[in-house]
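Visitor: Sharing a structure with you now.
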């Protein structure tokens, strides 16, 4: 991947409604960590670094990425420490972090249960993980193909994976629920309307900066006030905050 790709993706991370709304939701879920000194966070798969800057509000954060090119680019954007590693083999000591974040990472891994066990290894007892994955296999679409996903999840499937790794679920819900009917309709329509050979476009190309992008940001961000109180019945994604329990 060249520098132009990372510049384009960094712009998407900064401006696109999906990323902006998601960060607003994470702010709600991370409020419990606000003002607690000495916390150490690990963010896995930080992309171009936007999440490292965001998480630095709550604690001392270290980023981990598989791509050396991504690390080189992210160092232009932020000054948080970064390491190269794989979610299945995290190069940190057992129990060395207070919070592990992995946003849309586990769906890429063949052995997601093994990856969650590795997150449990590096998370201290009483520490937490904050995770997101895509929801519902029937929503499989272009973005899954482009992103090389292995699967999408239901709440029950993801709860079983998380608890099996040694975590106690604190919050587990679907999200991106308000826009779920629109997203589901688009993806199902695309499946019925066969695209020309080789024509696969990312969902992120559908919305440009502007009034519509800002409106979608506000709609998506509004879910933060809902999912901290209730479990949403449907959504395009799953979010989970879970606590590491003792052995």
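The values are calculated or read from the model by the stated rules, or taken from the named source; none is laboratory data. All of these numbers come straight from a predicted model, not from anything done at the bench. Heads up, the Cβs are rebuilt from the backbone with ideal geometry, glycines too, and the neighbour counts pull from every protein chain shown.
Visitor: Which members of the stretch 30-48 meet the condition of being in a loop (DSSP other than H, G, I, E, B) and within 13 Å of the chain's Cα centre (by Cα)? Outline the logic, then answer.
Guide: Our first condition is that a residue be in a loop (DSSP other than H, G, I, E, B); within the stretch 30-48, this holds for 30, 34-39, 45-48.
The answer is 45, 46, 47.
Visitor: Within the stretch 66-85, count every residue that is at pLDDT below 95, within 19 Å of the chain's Cα centre (by Cα) and not in a loop (DSSP other than H, G, I, E, B).
Guide: 3
Visitor: Which count do you get for residues in the stretch 167-185 that are free of Cβ contacts under 8 Å to residues at least 60 places away in the same chain and within 14 Å of residue 29 (Cα to Cα)?
Guide: Going through the stretch 167-185, the residues free of Cβ contacts under 8 Å to residues at least 60 places away in the same chain turn out to be 177-185.
Add one more test, that the residue is within 14 Å of residue 29 (Cα to Cα), and what stays is none.
Total satisfying the criteria: 0.
Visitor: Next question, about the same structure. Which condition does residue 115 not pass, out of (1) touching a strand residue (DSSP E or B) at 6+ places or on another chain (Cβ under 9 Å); (2) in contact (Cβ under 8 Å) with a residue 24 or more places away in the chain; (3) in a loop (DSSP other than H, G, I, E, B), if it passes all the others?
Guide: Going through (1) touching a strand residue (DSSP E or B) at 6+ places or on another chain (Cβ under 9 Å); (2) in contact (Cβ under 8 Å) with a residue 24 or more places away in the chain; (3) in a loop (DSSP other than H, G, I, E, B) one by one, residue 115 breaks only (3).
Visitor: Now a separate question. Which residues, taken from the stretch 140-182, are surrounded by 21 or more Cβ atoms within 10 Å (Cβ to Cβ) and over 13 Å from residue 239 (Cα atoms)?
Guide: 165, 167
Visitor: Among the residues that make up the stretch 230-247, is at least one of them at pLDDT below 90, surrounded by fewer than 16 Cβ atoms within 10 Å (Cβ to Cβ) and under 30 Å from residue 124 (Cα atoms)? Give the steps one after another, and end with the answer.
Guide: Here is the first cut: in the stretch 230-247, the ones at pLDDT below 90 are 246-247.
In the following step, the residues that additionally are surrounded by fewer than 16 Cβ atoms within 10 Å (Cβ to Cβ) were identified as 246-247.
Subset that is under 30 Å from residue 124 (Cα atoms): 246-247.
Yes; the residues of the stretch 230-247 include at least one that is at pLDDT below 90, surrounded by fewer than 16 Cβ atoms within 10 Å (Cβ to Cβ) and under 30 Å from residue 124 (Cα atoms).
Visitor: For residues in the stretch 49-63 being assigned to a strand (DSSP E or B) and crowded, with 24+ Cβ neighbours inside 10 Å, which is nearest to the chain's Cα centre (by Cα)?
Guide: 63
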